[in-house]
Amino acid sequence: MLIGYARCSTHHQDADLTAQRSALSRMGVDDNRIYIDVGLSGTNRDRPGLREALAALRAHDTLVVTKLDRLARSVRDASDIAEEIEATGAALSLGGSIHDPADPMGRMFFSIMAVFAEFESDLIRARTREGMAVARTRGRLRGKQPKLSRAQERHLVQLVESGEHTTSEVAGLMGVSRATVYRAMERAKSNGATE
């Protein structure tokens with residue numbers, strides 16, 4: 001039996017996910033046997049879709065992925081997943097080519113692809129950090145903006161301190177979570193202590 005696995009890192013990669021599903025179908029995987037993870041990085045091993053795909057594998061089955069970087073983004077994870085698949089007596093197909101762990105050339109090719117997948121992931125992280133640093137120096141990256149203005153936060157503190165409303169009621173009135181109310185109260189206390 002063929003078990004398919006597809007993954008995309010963000011919820012905005014519908015085209016990539018559709019392409020992966022189409023490729024898996026062309027390789028003979030039934031649509032109801034394709035397991036998917038959306039919004040999860042390949043560097044994160046704890047993925048529900050991957051867990052389900054691996055659990056569905058039995059001896060003589062084949063886990064099919066379009067490319068190795070959809071399965072793992074680190075050499076260690078790629079090796080661990082391949083070993084787990086081999087331990088069940090199943091096979092791994094990468095873009096239609098069966099990975100044979102007993103073949104020295106196959107092992108080398110698999111290792112090289114895993115190194116490139118990890119390298120690509122590292123490059124993406126480095127570019128993201130560089131882009132954020134440039135945006136920060138230009139004043140375009142200011143971090144998360146507060147939910148309430150200073151005036152709204154002062155009003156919130158007054159409402160809570162009046163004792164006429166519960167924290168939940170104040171949160172509802174201000175359109176924020178209770179955690180936001182608690183943080184505002186903590187800031188008010190610390191500001192009062194420093195003044």
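Quick one: is R154 out of contact with any Ser or Thr (no Cβ under 9 Å at 6 or more places or on another chain) and under 29 Å from A19 (Cα atoms)? Against the criterion (out of contact with any Ser or Thr (no Cβ under 9 Å at 6 or more places or on another chain) and under 29 Å from A19 (Cα atoms)), R154 does not qualify. When the range 168-187 is limited to residues that are part of a helix (DSSP H, G or I) and hydroxyl-bearing (S, T, Y), the one that is nearest to P146 (Cα to Cα) turns out to be T180.
Among the residues making up the range 1-55, a single one is under 23 Å from I98 (Cα atoms) and touching a His at 6+ places or on another chain (Cβ under 9 Å): M1.
Taken together, S41, S97 contain a single residue that is under 19 Å from E120 (Cβ atoms) and modelled with pLDDT under 95, which is S41. Scan the range 117-142 for residues that are in a helix (DSSP H, G or I), without any contact (Cβ under 8 Å) to a residue 24 or more places away in the chain and touching a helix residue (DSSP H, G or I) at 6+ places or on another chain (Cβ under 9 Å) and the total you get is 0. Just one residue in the set L17, L50, L71, L63 is surrounded by fewer than 21 Cβ atoms within 10 Å (Cβ to Cβ) and assigned by TED's automatic domain parsing to the domain that holds F116; that residue is L17. Of all residues being of a type in the set (S, T, N, Q) and surrounded by 12 or more Cβ atoms within 10 Å (Cβ to Cβ) in the range 111-141, which is farthest from L94 (Cα to Cα)? Just the residue, please. That would be S121. When residues in the range 131-174 are screened for being at pLDDT below 85 and under 17 Å from M185 (Cβ atoms), 2 of them pass.
The values are calculated or read from the model by the stated rules, or taken from the named source; none is laboratory data. Predicted model, so just to flag it, every value in this text is computed and none were measured. With ideal geometry, Cβ positions are generated from the backbone for all residues, glycine too; neighbour counts draw on all protein chains shown.
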